Amino acid sequence: MSNIPACPQCTLENTYPDGDNYVCADCGYEWPIAAASTEEEDKAIVKDANGTVLQDGDAVVLIKDLKVKGSSITLKQGTKVKSIRLVGGDHEVDCKMDAGNFMLKACFLRKA
Ligand SMILES: [Zn+2]
């Protein structure tokens with residue numbers, strides 16, 4: 001099992017688990033592994049830019065260019081993401097793209 005998520009802060013993948021947290025070797029950001037925790041039973045409802053409720057596995061389209069913090073990557077408006085994964089937190093949609101894995105805000109996405 002090496003399914004460690006990319007850093008939600010800098011989006012790099014030099015991350016490793018440390019106790020109850022994941023730690024990013026690049027920016028030092030730490031965040032809880034708690035995704036699988038039983039205490040998060042009521043997952044917040046995540047809605048796209050149109051107010052459509054998003055679910056794991058949905059396909060979405062970016063509705064604007066998004067600059068990835070800490071990198072020179074810009075995710076282009078109209079980019080399709082085939083299968084999203086919803087996670088908790090500020091950037092609630094985990095998007096797997098050709099350029100890498102990114103945590104995006106649902107308000108910048110539209111269900112495809
Ligand atoms: Zn980081």
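The values are calculated or read from the model by the stated rules, or taken from the named source; none is laboratory data. Quick caveat, the model's predicted, so the values are computed rather than measured. Glycine also receives a Cβ, built like all others from the backbone with ideal geometry; neighbour counts cover every protein chain displayed.
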Assuming residue 77 fulfils every condition listed in (1) closer than 14 Å to residue 8 by Cα; (2) not in a strand (DSSP E or B) apart from one, which condition is it?
(1)
Taking only the range 55-74 into account, find how many residues are outside any loop (DSSP other than H, G, I, E, B) and either modelled with pLDDT of 95 or more or crowded, with 20+ Cβ neighbours inside 10 Å (or both).
3
Kindly provide the set of residues from the range 35-52 that are touching a strand residue (DSSP E or B) at 6+ places or on another chain (Cβ under 9 Å) and either exposed (fewer than 12 other Cβ atoms within 10 Å of the Cβ) or at pLDDT below 85 (or both), ordered by number.
43, 44, 45, 50
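Residues of the range 80-94 being outside any loop (DSSP other than H, G, I, E, B) and out of contact with any Cys (no Cβ under 6 Å at 6 or more places or on another chain), which ones?
Start the filter on the range 80-94 by keeping residues that are outside any loop (DSSP other than H, G, I, E, B), which leaves 80-81, 85-86, 93-94.
Within the range 80-94, 80, 85, 86, 93, 94 meet the criteria.
Within the range 89-112, restricting attention to residues that are of a type in the set (Gly, Ala, Ser) and surrounded by 15 or more Cβ atoms within 10 Å (Cβ to Cβ), which residue is nearest to residue 47 (Cα to Cα)?
First, pick out the residues of the range 89-112 that are of a type in the set (Gly, Ala, Ser): 89, 99-100, 106, 112.
Okay, now just the ones that are also surrounded by 15 or more Cβ atoms within 10 Å (Cβ to Cβ), so 99-100, 106.
Working: 99: 24, 100: 23, 106: 6 Å.
The extreme case among them is 106.
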